[in-house]
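Since the structure comes first, as structure tokens, the remarks are kept for the end.
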There are 2 protein chains.
Amino acid sequence: MRADQTLQPLVWLRGYNCESLINDVLAAVIVTIMLIPQSLAYALLAGLPAEMGLYSSILPLFAYALFGSSRTLSVGPVAVASLMTASAVGAVASKGLADYASAATLLALLGGLMLIAMGLLKFGFVSHFLSHPVVSGFITASAIIIALGQLGPLLGVTLQGATLPSLCHHLFVQLGEAHGLTVLVGAGSVAFMLLARFCLSDWLAVIGLRGRPLKLIIRSAPVLVMAVTIPLSAAMSFESAGVPLVGQIPSGLPAFSAPQISWPLIQELALPAFLIAIIGFVESVSVGKTLGARRRQRIDPDKELIGLGAANTAAAISGGFPVTGGFSRSVVNFDAGAETPMASVLAALGIALAAIFLTPVLYFLPKAVLAATIVVAVISLIDIETISLARRYRAADFWAVVITITVTLFAGVELGVLAGVSASVSLHLHHTSRPHFAVVGQVPGSEHYRNVARHDVLTEPHILSVRIDESLYFANAAHIEEMVCAQATLQKDLAHVVLMCPAVNAIDLSALEALEEINTRLSENNVALHLSEVKGPVMDALERSDFLNHLSGEVFLSHHNAVMALRAKGTADPALT
Amino acid sequence: MRADQTLQPLVWLRGYNCESLINDVLAAVIVTIMLIPQSLAYALLAGLPAEMGLYSSILPLFAYALFGSSRTLSVGPVAVASLMTASAVGAVASKGLADYASAATLLALLGGLMLIAMGLLKFGFVSHFLSHPVVSGFITASAIIIALGQLGPLLGVTLQGATLPSLCHHLFVQLGEAHGLTVLVGAGSVAFMLLARFCLSDWLAVIGLRGRPLKLIIRSAPVLVMAVTIPLSAAMSFESAGVPLVGQIPSGLPAFSAPQISWPLIQELALPAFLIAIIGFVESVSVGKTLGARRRQRIDPDKELIGLGAANTAAAISGGFPVTGGFSRSVVNFDAGAETPMASVLAALGIALAAIFLTPVLYFLPKAVLAATIVVAVISLIDIETISLARRYRAADFWAVVITITVTLFAGVELGVLAGVSASVSLHLHHTSRPHFAVVGQVPGSEHYRNVARHDVLTEPHILSVRIDESLYFANAAHIEEMVCAQATLQKDLAHVVLMCPAVNAIDLSALEALEEINTRLSENNVALHLSEVKGPVMDALERSDFLNHLSGEVFLSHHNAVMALRAKGTADPALT
């Protein structure tokens, strides 16, 4: 691997000019301002001190700029990874294995190293086992849990749990203890941000604003709310009125340090770290692809693995928690006009300045405002469209979504992901274990053969043509054996069965035995078994076994050849004249 | 379900006559004699008192005769199920949850109820997920562990453990304590039975013996060894010489009783019970099919589930342990001339008589003789042929065998089965995640299209025809997107890409998104995307989505139609003239 393939700045600094720099600086200023509330909010969502959100938005951005392949992806704390972090560190902290902060740091380190290893081994394909319905269902369910959980800070009460039943139970019990002024601040913030998102664009369009400036104004709503509530909170002493504030945040930059490591802790955190890393990777690639497509820039999944791995490792050694490429962060960066990862590097410097100078001001920020930011952000993650498309499109996809959402809501994020993956794999295997197969006949006047049940086709009385629409493997071998033999008994005067194999992409050893068995059973009834349109790789494998020596019939290049040859044979058969 | 469909005797008693009865009685006498050593030996292998082997060979045979669909399958204790029983009851006994005998009985009950439930629900397909390489590898590895474990009784020492490393370790440590006379008896028995198996048929053929009588004489070797060693042991007082004997066996029939049941015990035993039941079912169906094929009798997997379930439940209530249809037992029954399950019922009566009258004689039987019986029996289970076929035939099948054998040998039977199933599923998914795909062209003078790399075919400069040889689903969606787009960039003057879909049996939601993406990316380069030979069910699903509205090209019934239509269009394109 050459250095200029690994270090991305050597790619994007080529042709970097003054105009690019001006665009990147402008984007960085906007991004810095907008990411401050997000970073603080997601740290609190993960159950961590607010400053860890700032720390996770500094060094990881440098690391990603060095190794990641997307030009505009912005890494940092995101909603779903923060919820998963909360669940994982909550579990180890409740067992007394480590405190929240060091468990979160170790989680970032483990995830980072796993991602780097996967990138070096080109193991990005692992993420392909997360089907779109599973990812979409998982994010939807996570968004519901996150939004529900934020009702705690919005009402000024403490909600515990990370599943629908436990959150609802706590909410029901504590509803009476809601704190009036907190509710007012929280509800006001939510209402303002919702208005900004859904109505402001129409209003501003009236006064002639449109395009990028319009988008940026809309997206700055959380910053506006902060700019209003912080002075208000200081002036009206919200603190003494009992409104929970962000409070003391240590000023300054994070100290470099290695996370505390112990073997039992690694064992506990390995699975959640892997899941956070993979989900984060899938999300980042999806965001990166979407943004890349708009500017015809391609992203490389293996480089993304290394980029995200480096970002998480950087988070771990600078007191942060797991980071990934977030949709809303990246869109802000993109819309603000970022051209290269230089914008992210500059934004990281901006956040570093905030960590040094802004923390005294943040003291007065009500936690309810941050909760409002989260609620409004995660609402857009709820993906009804995919659920409805899956429902229309295909039962297996719909069940995969439903199972993922249900398990995530009722049993938590880790089991949710695992159940989703298991469900989609099982449904796929189940689907292929009872394959579609069709008795086919000739489309008149052509050499094309189609399903007798769907098309008006010609068949021969002594030839049964069966097209099997699936690779033959252990899960469907027994079923195919039964179906072919059953079909053969339906047709009297039968002399030839031709299995048409254009859809058979592989025949494994279990299926080879089933074919031998079909061959034997048909032979006992004086019916010959033929194959047609066997693909190259399948034929190569069959030739390495003894099957072709036992086969009572022949293998034909095309199905039409088979029918022509057998039609000639058939008319010579005295039983048919 | 009508009674005559469920109760098998109503089927096979039709046309039962005096000749059938004589054949069945003769078979029963032979089977009874031969099964006594097997039953005792497998009980000891399972770590249970010898009499449980006899009990497991009485009532289960009646139950199977009532419900099972094979005419000649003989159920009872078998080697692999006994090893799995030893592993499962050893684990719960070491935790102090129950004694060996009651754990084994509960294991039979749980397995029996699971099999009956699966039979009633027609869930026999679950067993299809055990591919042939996994079952073969598992049985081979089990046979190796069993044979190695029997070196304990053969040497007169106590070996512990059920994995290769622990057995080897114990063997190494205790080799010096081998008991001379025991070794002599054991080695002599093994040698005699091996000679009988591999050489006797040649010798007896010289004096004119062949066919069924020859087979029965060869198979009676274990009984002959017993007939010689028991009097010898009594006369020469082997016991006082320190040779371990079978010893006191309670005389009489087992008492009917329900197994001890407790919830923690059920939790511990549920998984092993399921695995024993499924492995036993697969083995029984395979034996039943093999024997049934010789007499053109078919067996019904769903009835087999109920038959085996009933047999195990019967074992559980009569003091037995898990039973299944064994290969060697069934072959003895078949070769002895059994016509119907009446032979098994009569053999069960024979074993009952043995349990009542023969136990005082069995007192003197050296355990080494039983160990020799087991070793000689399991040697034939080692299936080198499948390993070598898999190696030749297909890498994925070979890896499935190797992983199953390795994990079974080094981590025990339960993990072995689970690792085998996981490996075969993962290998299948991995195989389909990088599907074979081919650029195709017209076979001259036909309407048939084949791989340009394998056949001498015609292509058009402005049409790229790609045949994808796999269903499109989440695991291969991203890969296919990359491959198609990469292929399209190789051909300049390209105006049309046609995806030929005869092998595409399904397109899931993740793959639908990939197709949308391919369509968009090709459109950006002014290339139209077309589909051909889309199957009925796939087309039905596509019509329920919006994809066909976005598609830049058309869907053609046959690939030849597509090429004809686009060839006409292409020549009209000014860029190409």
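The values are calculated or read from the model by the stated rules, or taken from the named source; none is laboratory data. From a predicted model like this one, the values you see are computed outputs, not experimental measurements. Neighbour counts are summed over all protein chains in view; Cβ atoms, including those assigned to glycine, are modelled from backbone coordinates with ideal geometry.
Here are the numbers for this structure:
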item	result
Residue list for segment B:13-34, restricted to those being at pLDDT 85 or above and either touching a Pro at 6+ places or on another chain (Cβ under 9 Å) or among the aromatic types (Phe, Trp, Tyr) (or both)	B:ASP24
Test for B:SER380: is it surrounded by fewer than 24 Cβ atoms within 10 Å (Cβ to Cβ), within 16 Å of B:SER57 (Cβ to Cβ) and at pLDDT below 85	no
Count of segment A:22-35 residues which are in contact with an Asp or Glu (Cβ under 7 Å, 6 or more places away or on another chain) and either surrounded by 19 or more Cβ atoms within 10 Å (Cβ to Cβ) or without any contact (Cβ under 8 Å) to a residue 24 or more places away in the chain (or both)	1
Selected residue (criterion: surrounded by the most Cβ atoms within 10 Å (Cβ to Cβ)) from residues of segment B:413-472 that are polar (S, T, N, Q) and within 20 Å of A:VAL534 (Cα to Cα)	B:SER471
Close pairs (6 angstrom Cβ cut-off, 6 or more residues apart or separate chains): surrounded by fewer than 17 Cβ atoms within 10 Å (Cβ to Cβ) in segment A:172-192, among the β-branched types (Val, Ile, Thr) anywhere	A:GLU177/A:VAL157; A:LEU181/A:VAL243
Checking B:THR158 against (1) free of Cβ contacts under 8 Å to residues at least 60 places away in the same chain; (2) surrounded by 20 or more Cβ atoms within 10 Å (Cβ to Cβ), the condition it does not meet	(2)
For A:ARG567: the one exception among (1) charged (D, E, K, R); (2) away from every other protein chain (no Cβ under 11 Å); (3) closer than 21 Å to B:ILE299 by Cβ	(3)
Selection within segment B:93-111 - under 25 Å from the mean Cα position of the chain (by Cα) and among the aliphatic types (A, V, I, L, M)	B:ALA103, B:ALA104, B:LEU106, B:LEU107, B:ALA108, B:LEU109, B:LEU110
Count of residues meeting criterion [within 12 Å of chain A (Cβ to nearest Cβ) and at pLDDT 90 or above] in segment B:483-500	1
Subset of segment A:94-116 (residues that are assigned to a helix (DSSP H, G or I) and free of Cβ contacts under 8 Å to residues at least 12 places away in the same chain)	A:SER94
Elements of type helices (runs of 4 or more DSSP H) in segment A:496-575, at least 1 residues being more than 28 Å from B:ALA390 (Cβ to Cβ) and touching a strand residue (DSSP E or B) at 6+ places or on another chain (Cβ under 7 Å)	A:559-571
Residues of segment A:44-60 classified as among the aliphatic types (A, V, I, L, M) and surrounded by fewer than 24 Cβ atoms within 10 Å (Cβ to Cβ), total	2
Selected residue (only one of B:ARG450, B:ARG454, B:ARG391 is among the charged types (D, E, K, R) and farther than 30 Å from B:LEU557 by Cα)	B:ARG391
Residue in segment A:260-277 that is touching a helix residue (DSSP H, G or I) at 6+ places or on another chain (Cβ under 8 Å), surrounded by fewer than 18 Cβ atoms within 10 Å (Cβ to Cβ) and of a type in the set (Ser, Thr, Tyr) present	no
Qualifying residue in segment A:551-571 (condition: surrounded by fewer than 20 Cβ atoms within 10 Å (Cβ to Cβ), without any contact (Cβ under 8 Å) to a residue 40 or more places away in the chain and touching a Phe, Trp or Tyr at 6+ places or on another chain (Cβ under 8 Å))	yes
Test: residue in segment B:144-151 that is touching a His at 6+ places or on another chain (Cβ under 9 Å) and surrounded by fewer than 24 Cβ atoms within 10 Å (Cβ to Cβ)	no
Those residues of segment A:423-455 which are of a type in the set (S, T, N, Q), within 40 Å of the chain's Cα centre (by Cα) and facing chain B (nearest Cβ under 7 Å), in sequence order	A:SER424, A:SER433, A:ASN451
Residue list for segment A:501-554, filter: within 11 Å of chain B (Cβ to nearest Cβ), over 22 Å from B:PHE398 (Cα atoms) and not charged (D, E, K, R)	A:CYS501, A:PRO502, A:ALA503, A:THR520, A:ASN525, A:SER532
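For every residue, the table says whether it meets (1) outside the structural domain of B:LEU265 (by TED's automatic domain parsing); (2) surrounded by fewer than 24 Cβ atoms within 10 Å (Cβ to Cβ); (3) touching a residue at least 40 places away in the same chain (Cβ under 8 Å); (4) more than 26 Å from B:ILE374 (Cα to Cα).
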| site | (1), (2), (3), (4) |
| --- | --- |
| B:SER20 | no, yes, yes, yes |
| B:TYR42 | no, no, yes, no |
| B:PHE62 | no, yes, yes, no |
| B:GLY124 | no, yes, yes, yes |
